[in-house]
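This report refers to the structure that appears directly beneath it.
Please treat every number below as a calculation from the coordinates, not as lab data. Note that the structure is predicted; figures quoted are calculated from it, not measured. All Cβ positions, glycine included, derive from the backbone under ideal geometry; neighbour counts span all protein chains shown.
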Amino acid sequence: MSATGPVRLGTRGSALALAQAQIVARALELQGIDHQVVVMETAGDRRAPDTAWGEGAFVAAIERALLEGTVDLAVHSAKDVPTDEDPRLRIAAYLARGEPLDALVVATSTTDEQVNSVDDLWPGAVIGTDSPRRTGFLRALRPDVDVRPLHGNVDTRLRRLDDGYVDALVLAAAGLIRLGRAERITARLSAEMIPPAPGQGAICVQARAEDVATLELLAAIDDSPTRRAVESERALLRATGGGCRAPVGALASVDGEQFSIVAGFATLDGRATGIDHLDGAADASVQLAEELGRRLVDRRATVAGRRRVLVTRPADGAQRLVARLAEHGIGGVVVPAIEIEMEADSGVLDDLFATPSAVDLAVVTSVNGARAVRRAAEGGGHSLASVRWAAVGSVTARELRAGGALEVWTPSAANVAQLAEELPVQPASRVWMIRGSLAEAELPDRLRERGADVREAIVYRTIEAPTSSHSLLAEALDGGRLRAVIHASPSAIRGLTQVAERIGRRADVDRLPVICIGPTTAAAAHQAGLTVLGESATQAAEGLAELAAGLLAGQE
């Protein structure tokens with residue numbers, strides 16, 4: 001907490017964010033807590049109005065300001081906060097929840113059509129939404145309507161509706177109400193029809209975990225029933241492997257000692273949905289929510305088993321991708337083609353942390369490298385905040401930020417070639433290259449050509465063709481319905497080939513088309529004589545799963 005002034009309340013500058021910040025401000029005022037609203041720009045705000053944002057786009061910048069001490073509190077829509085929370089932060093308060101449901105909004109010009117629900121929309125009606133969850137459930141409810149992406153703030157979307165770009169919108173009812181636009185709500189959509197995003201309608205206030213004084217202050221405005229309901233919804237979302245943009249919805253309620261929760265999943269094409277509920281004791285809310293989440297995962301896996309792909313990532317790094325594939329109705333069968341073994345010498349990065357000012361940039365070329373960096377920092381009591389970092393893509397950058405890195409540069413496309421060309425280095429720049437044992441020499445060689453002074457640090461070893469994958473591959477091939485293989489590296493291609501040879505199934509594997517991450521992996525696949533179905537520009541599970549769904553749909 002600020003030692004000499006009011007509590008500084010960090011928020012985005014959109015109309016809805018400011019309205020929510022004022023709700024928090026009034027709650028603080030009622031408790032006699034002096035405060036100041038600090039408006040901040042986020043990654044989501046810097047995007048064009050009609051583009052999509054990723055998980056945490058509206059949260060990361062404010063969290064960073066909170067960690068840096070620029071603000072003392074951060075105000076968020078609870079549904080926007082990623083489920084993998086930074087351990088240095090705490091949700092100190094949930095305000096009493098507003099309307100949690102989604103709302104159907106039709107254009108004012110269609111009021112004569114007597115549209116009172118989704119069922120009343122005519123065939124071919126165009127519905128705009130920014131949510132994969134709403135998209136999947138709407139397509140399941142009404143496969144005869146046209147659901148299109150429509151992004152931007154509430155006013156932007158309402159304007160596009162009234163201009164005739166779409167015939168209807170589905171928005172969070174709470175946002176419309178808080179902006180004074182409740183009259184635009186045509187109908188509220190029940191949780192049994194479209195389960196809302198976990199946390200929808202709730203405002204949360206975040207503080208630094210070490211700021212005990214502020215945490216104690218915020219306890220006065222924390223609403224216990226809202227906290228219990230939202231935390232159980234978030235627990236369910238984690239149990240399904242989903243993030244805040246996943247097509248999973250949940251709504252919990254607490255009535256005295258009684259707890260109930262309804263939740264559901266939808267595949268993004270709307271071909272399959274599942275909705276379920278549980279009731280029980282309020283003091284077991286999280287356990288009940290997790291149980292329901294596991295039930296939904298089992299139902300989703302049954303659907304996804306109709307189309308399967310091999311995922312050759314190590315098991316501990318594959319689950320996010322498997323969950324995202326399932327959201328598209330695709331079963332991800334994990335057969336690790338490589339294993340990752342962290343270097344026993346945890347002091348390999350000691351020089352980097354000891355003299356960060358002597359390094360212009362530390363470059364991490366994989367998420368495993370980022371995990372090794374975090375492990376070394378935690379083991380040696382170092383801070384990632386003292387180093388200027390660069391990462392090959394958003395997934396690696398996210399891992400570094402979760403470990404405390406404040407500045408992480410990424411290239412325009414998540415591949416080593418792009419990283420080599422765009423990395424902001426000058427002649428004589430001092431660069432640490434943090435990599436695995438089998439990393440290609442392309443990146444350090446190119447940086448040296450550009451005049452950089454490159455020091456390479458091997459922080460993990462890649463072991464190809466682990467013995468434990470022999471039986472896994474045989475089971476996957478015998479199970480049938482395999483449509484493709486997803487490879488993230490040339491070493492994965494080599495590893496899977498070796499496993500297939502050792503069990504006498506090389507021909508079965510070679511006939512499967514492959515989806516590759518990046519041009520280096522695609523080139524290795526071509527060289528091995530494999531059929532490349534497609535190439536992903538991103539390592540992110542969400543983008544990779546979307547690409548796989550599109551490519552496999554083209555085969556049907």
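Remarks
- Between the listed residues Thr186, Val459, Leu472, the Cα displaced farthest toward the positive end of the dipole of the chain, a dipole computed from Cβ unit charges relative to the Cα centre, is found at Leu472.
- Mean projection area, nm², convex hull over Cα of the range 341-463: 6.6
- Note on Asp453 and Val212: the extension gain reaches 82.3 nm, defined as 0.36 nm multiplied by sequence separation minus the Cα-Cα distance.
- What you get for the range 102-189, charging only the Cβ of Lys and Arg (+1) and of Asp and Glu (-1), is a dipole of about 460 debye around the Cα centre.
- What you get for the chain, charging only the Cβ of Lys and Arg (+1) and of Asp and Glu (-1), is a dipole of about 820 debye around the Cα centre.
- Subtracting the Cα-Cα distance of Glu378 and Thr156 from their residue separation scaled by 0.36 nm leaves 75.5 nm.
- Between the range 396-465 and the range 141-166, the Cα center-to-center distance that results, in Å: 41
- Sorting 418-424, 92-98 by average packing, meaning the other beta carbons within 10 Å per residue, from highest down gives 92-98, 418-424.
- Peptide packing: for 326-339, 73-86, 174-187, the average count of neighbouring Cβ atoms within 10 Å per residue gives the ranking 326-339, 73-86, 174-187, highest mean first.
- As a rough footprinting exposure proxy, the listed residues Trp389, Trp122 were ranked by other beta carbons within 10 Å of their own, and the order from fewest upward is Trp122, Trp389.
- Taking label points 7 Å from Cα along the Cα-to-Cβ direction, Ser412 and Asp445 give a separation of 2.4 nm.
- Modelled FRET efficiency - R0 51 Å, Arg26 with Asp478, Cβ distances, 0.05 increments: 0.20
- Normalised contact order of the chain, rounded percent, pairs of Cα under 8 Å and 6 or more residues apart: 11
- Contour minus Cα-Cα distance for Asp508 and Arg148 (0.36 nm per residue): 125.7 nm
- Using the average count of surrounding beta-carbon atoms within 10 Å as a protection proxy, the listed peptides 521-533, 222-234, 348-360 rank, highest first, as 222-234, 521-533, 348-360.
- In the range 93-175, taking the dipole from charged Cβ atoms about the Cα centre, the farthest positive-side position among Val166, Val115, Thr156 is held by Thr156.
- Charging the Cβ of each Asp and Glu at -1 and of each Lys and Arg at +1, and nothing else, the dipole of the range 341-463 about its Cα centre rounds to 260 debye.
- Candidates per GluC sites (Glu not before Pro) in the range 236-314, loop by DSSP, up to 12 other Cβ within 10 Å: Glu257
- Measuring between their Cα centroids, the range 217-254 and the range 500-536 lie 41 Å from each other.
- Judged by the gyration tensor of its Cα atoms, with axes a ≥ b ≥ c, the range 102-189 is rounded; a/c sits under the 1.5 cut.
- Of Val367, Gly403, Val297, farthest towards positive along the dipole that unit charges on Lys, Arg, Asp, Glu beta carbons give the range 290-419: Val297
- Percentage relative contact order, the range 102-189, counting C-alpha pairs under 8 Å, at least six apart: 47
- Three principal axis lengths of the chain [C-alpha, angstrom, descending]: 63, 61, 48
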